[in-house]
Amino acid sequence: MALTVVGSIAFDSVRTPFGERDRMLGGSAVHFALAASFFTEVRVVGPVGDDFGDDHLAVLSERAIDTDDIEHVPGKTFFWRGHYDHDMNIAHTDDTELNVFADFEPKLSPASCEAQMLFLGNIQPELQRRVRAQSSASFAALDSMNLWIDTARDSLVAAIAEVDCLLLNDAELRMLTGRPNLSQAARATMEMGPSVVVAKRGEYGAVLFTAEATFAIPGLPLEDVRDPTGAGDSFAGGFLGYLDGVRTGGEHDERALRRAMAYGSVLASFNVEDFGTERVQRLTESELAERYDEFRRLTTFEEAPVSSRP
Ligand code: AMP
């Protein structure tokens, strides 16, 4: 049972209507790893620069995340600056500096190659492909974003063909396929290769598509949302971390996928309650269990007691 993740390891400067933070720890791999670490052994692959200190690494190792494949290279750590206005479903990117990611050549250790599950977090699609080529994972998943659909579409489509599961925002699925209807867009991406497609829908939750089933889960209606940065990666971490944790070596059955969707939503709901990684860092097992139950209560209803009129 182990899950390898490659993705950005970043410093993020973020402004929301509820405050701002400068150069806090972030990145797709970091948000993902923290969420997944509640269910399984996680190994992070990626480069960091001279400005990345032991205190940043400690955030990961405190959750027993393996950091042996985090490479320190001369230069600056990946940097992202963004802001959200009142619609916190829309992230506005103000600056992206790839820095040490620009020339990164991933070299997975034997342990990272052998992990049975792989998550290719949001980063250049060519880099995702080079990692996929080295890994012997039996289940690989991929996330991406509008920047790569715009600037590296062919590489991204090739990367998608090499994975079993694609997680994308609903708008990005539409953008990738040119289909305005979400179900059609999901089916069109399944034709590119993946057998599982998850459409993330921000505060509205997420929808799962497989050849046999469609399943939708809402977001938790929270009164206090401070910073949605990393919610998509936390969702992916809860989803794949849970699948890896319960895995018996075979196919994922629909019931496990549904529970994984719930854990994805649970982790995303915690992520948005505070800036960056702050909330998930202090999350406890009992809070996790309590919120899973809250989701069950939110989404369960009984058969109708009376039949409808003709
Ligand atoms: P999310 O809110 O889950 O979509 O992801 C936000 C995280 O993605 C932030 O922590 C950023 O550091 C990271 N990020 C933003 N833009 C990029 C990019 N172009 N490539 C890789 N990671 C990015």
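The values are calculated or read from the model by the stated rules, or taken from the named source; none is laboratory data. Everything numeric here is computed off the predicted structure, so don't read it as measured data. In this analysis, Cβ positions are derived from the backbone assuming ideal geometry, glycine residues included, and neighbour counts consider all displayed protein chains. Quick note on the areas: whole protein, heavy atoms, side chains included, nothing else; ligands and nucleic acids left out. Shrake-Rupley method; radii C 1.70, N 1.55, O 1.52, S 1.80 Å.
Determine the share of the chain's accessible area contributed by carbon and sulfur atoms, expressed in whole percent, with a 1.4 angstrom probe.
Values: 6590 of 14000 Å².
The C+S portion of the solvent-accessible surface of the chain is 47 percent.
Among the trypsin sites (Lys or Arg not before Pro) found in the stretch 1-108, those both in a DSSP coil and sparsely packed, with 14 or fewer other Cβ atoms within 10 Å of their Cβ, are K107. Here the simple spin-label model places points 7 Å from the Cα toward Cβ, and for E278 and R187 these points are separated by 4.5 nm. Mind running the shape call on the chain? Use the C-alpha gyration tensor, a ≥ b ≥ c as the square roots of the eigenvalues: rounded below 1.5 for a/c, prolate if a/b tops b/c, oblate otherwise. In terms of gyration-tensor shape, rounded. Between A133 and E287, the C-beta separation translates, for a Förster distance of 41 Å, into a calculated FRET efficiency of about 0.60. For the stretch 76-124, the normalised intensity computed at q = 0.19 Å⁻¹ comes to -0.82 (log10 of I(q)/I(0), Debye sum over alpha carbons, equal scatterers, no solvent). Judged by the gyration tensor of its Cα atoms, with axes a ≥ b ≥ c, the stretch 220-310 is oblate; a/c meets the 1.5 cut and b/c is at least as large as a/b.
Note on D85 and S195: their simple-model spin labels are 4.4 nm apart, each label 7 Å out from Cα toward Cβ.
Grouping the Cα pair distances of the stretch 134-269 into 5 Å bins from zero gives a pair-distance distribution of 2, 10, 21, 24, 21, 14, 6, 2, 0 percent in increasing distance order. Around the amide H of H72, modelled in the peptide plane, lie the amide H atoms of V48, all under 5 Å away and 5 or more residues distant in sequence or on another chain.
Just flag the trypsin sites (Lys or Arg not before Pro) in the stretch 205-310 sitting in loop per DSSP whose Cβ has no more than 14 other Cβ atoms within 10 Å. In loop regions of the stretch 205-310 (DSSP not H, G, I, E or B), the sparsely surrounded trypsin sites (Lys or Arg not before Pro) are R282.
For a quick check, take a GNM of the chain with Cα springs below 10 Å and name the residue from M145, M175, M261 with the largest mean-square fluctuation. Evaluated over the chain, the most mobile residue of the options is M175. For the chain, the antiparallel share of DSSP beta bridges with both residues in that region comes to about 40%. What is the spin-label model distance, in nm, from S61 to F301 if the labels are put 7 Å beyond Cα along the C-beta direction? For S61 paired with F301, the spin-label model returns 5.1 nm.
Within the listed set L298, L173, L120, the Gaussian network model of the chain (springs between alpha-carbon atoms below 10 Å) gives the highest mean-square fluctuation for L298.
For every helix of n ≥ 4 consecutive DSSP H residues, a contribution of -39,500 (n - 2.57) applies; sum these over the chain, divide by its total residues, and give [θ] at 222 nm rounded to the nearest 500 deg cm²/dmol.
Theoretical 222 nm ellipticity from helices: -11000 deg cm²/dmol.
Of all DSSP bridge pairs formed entirely within the stretch 17-173, close to 30 percent run antiparallel.
How much length would be gained if the chain were fully extended between A211 and A256, taking 0.36 nm per residue of separation minus their Cα-Cα distance, in nm to one decimal?
Here the segment from A211 to A256 would lengthen by 14.7 nm.
How much length is gained if the chain between D68 and A102 is pulled fully straight, taking 0.36 nm per residue apart and subtracting their Cα-Cα distance, in nm to one decimal? Don't jump to the answer; show the numbers that get you there.
Numbers: separation 34, 0.36 × 34 = 12.24 nm, distance 2.07 nm.
In short, 10.2 nm is gained.
Rounded, prolate or oblate: which one fits the stretch 22-149, using the alpha carbon gyration tensor with axes a ≥ b ≥ c (rounded when a/c is under 1.5, else prolate when a/b beats b/c, else oblate)? Rounded, because the longest to shortest axis ratio a/c is under 1.5.
Take the stretch 189-310 with all the other protein chains still there, run a 1.4 Å probe, and you get 52 Å² of accessible area per residue. Of all stretches in the chain that contain no GluC sites (Glu not before Pro) in a DSSP loop with at most 13 other Cβ atoms within 10 Å, the longest one is 63-211.
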